[in-house]
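Student: Mind looking over this structure? Questions follow.
The values are calculated or read from the model by the stated rules, or taken from the named source; none is laboratory data. It should be emphasised that the depicted structure is a prediction, and the values quoted were computed from it without experimental measurement. Glycine gets a Cβ as well: all are built from the backbone with ideal geometry, and neighbour counts include every protein chain shown. The area values use the complete protein model at the heavy-atom level, side chains included, leaving out ligands, DNA and RNA. Shrake-Rupley method; radii C 1.70, N 1.55, O 1.52, S 1.80 Å.
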Amino acid sequence: MFLQSCVYVSAQDFDVWFQNKTLRLDYTFCGDNRKQYIFLDEMKWSDNWYGRRVNMDSLLLLGNGQLCIKDSKSGRVLYKYSFSTLFQEWQTTEEASKVQKSFENVFLVPFPKNPVDITVTLTDTHNKVNGKLTHHVDPQDILIRPVSVNEGTCWEYLEKSGDSKEKIDVAFVAEGYLADEKYVFLQDCKVSIDALKSHEPFKSMSDRFNFIAVMVPSAHQGVSIPHDHIWRNTALCSNYDTFYSNRYLTTLHLKNLHDILSGIPYEHIIILANTDNYGGGGIYNSYVMSSAHHQMSIPVVVHEFGHSFAGLADEYYYDDSYETMYPSDTEPWEPNITTLVDFKSKWADMLGTDVKIPTEPTGKSLYTQIGVYEGGGYQSKGVYRPVQECRMKINEAPLFCPVCERAIRRIIDYSTIQK
C-alpha cells in the first residue's frame, strides 16, 4: 500500500526545521494480544543526521507503526517514519493470549530546531490504530542526554559511494565473533554485500549505498540456541527460538544495539551471527539478523533485507499461524502481497491484459511471469503473490520478482537525493 504526502504539506527543507544532529527516542511497547501500551523511556542526542533528507513529511509504506513529528507552534508535519516491531508480531502468537510482555524499541529522528510534538502509533492487522502516544519535545531540554560514543567499537567503511547526506548507510554488526575474528567478520560482510549487489535493483543502484563494518567482540563464539540448551554470552544477547520458532534468530536488546552503534554512520542494520545454524529474521526499518556460515546464509541475508529495507512480505505459506496475519477485508500494506481488497494499489498496472485473477500456476518455477497466484503471507487461501517463485518465497529463487524489484527501487529513490 503506497502512501502519498499530505496534500496540505509541501516538501520540507531539512536545514529550515532541523539541526544536523540525531534525536534518539527509546520507547517501551508492552501489553498482550488485546491491549498495547507505549511508554517513553529516554531521549538522547548525537552529532550528525544519517537518515533521509528528502520526502521528510511523507510515507511510502504504512508499516505496522508510524511516527510523526509536528512543529508545536504551527502544527505543520515535519517528519514521518514507518516501522514494524517484534512486539506486534509477538501479539499474534498464542503466548500473547496468556501473558503480558514488554519490548524495547529505538527510533532515530532528525533533531528539531524548535519545540515539536511527536506521535507514535501502532496499527493492527486491519490497519487500525490500536496504540498511540503523543509527547512534547523541547530541543533545549537539559535532560536529553548526549550519546556516549562507544570508543571500544572498531568500525570501517567497506564501500563508500559518497556523503551520508545523499546516500543510504548500511551498518553490518558482528554478533558472536571473538576479538581475534575480525577478519573472518570482514570477509563475511563482503560476501553479504556481494550477495545483495548480485540482485536487482541493488546491482544497478549500488552507488546509492555506503556499507560499514562494525566489529564488536563477544565473550563467547556463536549465538544462543535454546532448543539445544546452548546459551552464550554475546555482544547483542541474540538467540534462536524467537516465539519458539527454531530458525527465528533475533535480539530483543535494541538499546544495547544502538549503544554499540553510537557515533557511527548508520541508517539500516544487518547483524551477522557467527554460526552455521540455519536462520535469521528481518523487521521493517529495524534490523536484519542472519547466520553467516550456513550454506543458505547468502540467500537468507538477501531475503531478510527485503523485509527490513523494503517492507516486503513473506510469500510462502503454511497455514499453522495462531492468528491470521492478513484478514480478508483489509489490503496489506506490504507491496508484494494482496487480498484483492485494493489490488489497484499493488501490481495491477504490471499485469498483461489476458492474465486471469486469480492466476493458475503452471507447475514450473517461473520468476518473472507476473500474475496473481494464491498463497502468501503464511496463508494458502485469500492472500496472493505476484509470481510463482521469488526471493521472498524460496531460497532457491535467483532473483527478486519484478514486483519486489520495483518496490525496492521505489524505497531507494524515496530515501536518496539525486543531483
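Student: If I take R0 = 41 Å and measure r between the Cβ atoms of residue 179 and residue 410 in this structure, what FRET efficiency does the formula 1/(1 + (r/R0)^6) give, to the nearest 0.05?
Tutor: 0.50
Student: Contour minus end-to-end for residue 144 and residue 190, with contour as 0.36 nm per residue of separation and end-to-end as the Cα-Cα distance?
Tutor: Values: separation 46, 0.36 × 46 = 16.56 nm, distance 3.70 nm.
The span from residue 144 to residue 190 would gain 12.9 nm if fully extended.
Student: Compute the length gained on full extension between residue 348 and residue 76: take 0.36 nm times their separation in residues and subtract their Cα-Cα distance, giving the result in nm to one decimal.
Tutor: On the way: separation 272, 0.36 × 272 = 97.92 nm, distance 3.42 nm.
Result: 94.5 nm gained on full extension.
Student: Also, quick follow-up: Could you run the Karplus curve 6.51 cos²θ - 1.76 cosθ + 1.60 with θ = phi - 60° over the range 130-140 and give me ³J(HN,Hα) per residue in whole Hz, x for Gly and Pro?
Tutor: Running phi through 6.51 cos²θ - 1.76 cosθ + 1.60 with θ = phi - 60° gives 10, x, 8, 9, 10, 9, 8, 10, 9, x, 8 Hz.
Student: Check each of the GluC sites (Glu not before Pro) in the range 314-386 and keep only those in coil by DSSP with at most 13 other C-beta atoms within 10 angstrom; list them in order.
Tutor: 323
Student: When we measure straight from the Cα of residue 364, which aspartates and glutamates land under 18 angstrom away, once same-chain ones fewer than 8 places off are left out?
Tutor: Cross-link targets: 315, 374, 389, 396.
Student: What is the gain in length, in nm to one decimal, between residue 330 and residue 244 on full extension, counting 0.36 nm per residue of separation less the C-alpha to C-alpha distance?
Tutor: Full-extension gain reported as 28.2 nm.
Student: Take the solvent-accessible surface of the protein heavy atoms, probe 1.4 Å, and return the percent of it on the chain that carbon and sulfur atoms account for.
Tutor: 48 percent
Student: Rounded, prolate or oblate: which fits the range 116-191, taking a ≥ b ≥ c as square roots of the Cα gyration tensor eigenvalues, rounded meaning a/c under 1.5, else prolate when a/b beats b/c?
Tutor: Judged from the Cα gyration tensor, the range 116-191 comes out prolate (a/c at least 1.5, a/b above b/c).
Student: For the pairs 44/167; 98/356; 21/393, flag any whose C-alpha to C-alpha distance is greater than 32 Å.
Tutor: Violating the 32 Å limit, Cα to Cα: 98/356; 21/393.
Student: Based on the Cα atoms of the range 230-322, what semi-axes does the equivalent ellipsoid have, where each is the square root of 5 times one gyration tensor eigenvalue, given in whole Å with the largest first?
Tutor: With the √(5λ) rule applied to the range 230-322, the semi-axes are 21, 17, 13 Å.
Student: Compare the peptides 267-274, 238-245, 222-229, 151-158 by average per-residue count of other Cβ atoms within 10 angstrom and give them in order, highest first.
Tutor: Details: 267-274: 24.4, 238-245: 18.8, 222-229: 16.1, 151-158: 13.9.
Going from most to least packed, we get 267-274, 238-245, 222-229, 151-158.
Student: Next up: For the chain, what relative contact order do you get, as a whole percent, if you take Cα pairs closer than 8 Å and at least 6 residues apart?
Tutor: 15 percent
Student: Just to be sure I understand the model, the point goes 7 Å from the Cα along the line to the Cβ. What's the resulting residue 394 to residue 127 distance in nm?
Tutor: Here the modelled spin labels are 3.1 nm apart.
Student: Among 126-132, 388-394, what's the highest-first ranking by average C-beta atoms within 10 angstrom per residue?
Tutor: Going by the mean number of other Cβ atoms within 10 Å, highest first, we get 388-394, 126-132.
Student: In the range 308-356, which trypsin sites (Lys or Arg not before Pro) are in a loop and have at most 16 other Cβ atoms within 10 Å, using DSSP for the loop call?
Tutor: 356
Student: Identify the trypsin sites (Lys or Arg not before Pro) of the range 147-243 meeting these criteria: DSSP loop state and at most 16 other C-beta atoms within 10 Å of the C-beta. Walk me through the numbers on the way to the answer.
Tutor: On the way: sites: 160, 165, 167, 182, 190, 197, 203, 208, 232; in loops: 160, 165, 167, 203, 232.
Of the trypsin sites (Lys or Arg not before Pro), the ones in loops of the range 147-243 whose Cβ has at most 16 other Cβ atoms within 10 Å are 160, 165, 203.
Student: Shifting gears a bit: How high is the relative contact order of the range 199-275, in percent, with contacts defined as C-alpha pairs under 8 Å that are six or more residues apart?
Tutor: 23 percent
Student: Treat each spin label as a single point 7 Å out from the Cα along the C-beta direction, and report the residue 20 to residue 206 distance in nm.
Tutor: According to this spin-label approximation, the distance is 2.9 nm.
Student: For the range 227-340, give the share of DSSP beta bridges that are antiparallel, in percent and rounded to the nearest 5; count only bridges with both residues there.
Tutor: So the antiparallel bridges in the range 227-340 amount to around 50 percent.
Student: Membrane-span-like helices in the chain: DSSP H runs reaching 18 Å or more (Cα, own axis), mean Kyte hydropathy at least 0.5?
Tutor: Working: long enough: 182-197 (23 Å, 0.21); 297-310 (19 Å, 0.79); 402-415 (20 Å, -0.16).
Within the chain the helices that satisfy the rule are 297-310.
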